[in-house]
């Protein structure tokens, strides 16, 4: 069996370092995560690199495809991995993914939110495996997200005791 950190290497993922500069700069005073015992709550994160370059800003049903959204959702999930490392030092500390709340900037008639959000679900399964990677999920269409981002993710997960 491979650890999540070993899977990240095998997948060739580049996980951002959120320690420098600190998380939240463009978005004001925001806490990157909150821990309660073995529960880790990750703050809203978007498909942006550390320099603030957005992947596919826009709106689903208007100027973005499901494929672009899947790519943005996957990048957002990779960014969550960086916040997990910031919070606990290693992805190996994760016991299981709990819940992913996905916000998508959409037109009123866009119906394929779940296909976009699958980018998050599949990335976490790829990293944490089929037993610990799947999570509950909701995909919610909204009219606006900060900086015209197309996607935002809130994640809750369980940590191994003593992590």
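The values are calculated or read from the model by the stated rules, or taken from the named source; none is laboratory data. This structure is a prediction, so every number in the text was calculated from the model and none was measured. Note: ideal-geometry Cβ built from the backbone for every residue, glycine included; neighbour counts use all protein chains shown.
Could you list all residues from region 34-54 that are surrounded by fewer than 19 Cβ atoms within 10 Å (Cβ to Cβ) and more than 12 Å from the chain's Cα centre (by Cα)?
34, 35, 36, 37, 38, 39, 49, 50, 51, 52, 53, 54
Summed over region 117-163, the residues that are under 17 Å from residue 70 (Cβ atoms) and in a helix (DSSP H, G or I) give a count of 11.
Conditions tested, residue by residue: (1) part of a helix (DSSP H, G or I); (2) touching a strand residue (DSSP E or B) at 6+ places or on another chain (Cβ under 9 Å).
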position: 5; (1), (2): yes, no
position: 13; (1), (2): no, no
position: 29; (1), (2): no, no
position: 40; (1), (2): no, yes
position: 44; (1), (2): no, yes
position: 72; (1), (2): yes, yes
position: 76; (1), (2): yes, yes
position: 85; (1), (2): yes, no
position: 101; (1), (2): no, yes
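The residue list 69, 162, 52 contains one member that is at pLDDT below 95 and either in contact with a helix residue (DSSP H, G or I) (Cβ under 7 Å, 6 or more places away or on another chain) or over 22 Å from residue 33 (Cα atoms) (or both), which is 52. Residues that are over 28 Å from residue 59 (Cβ atoms) and at pLDDT 90 or above within region 16-32 comprise just one, 17.
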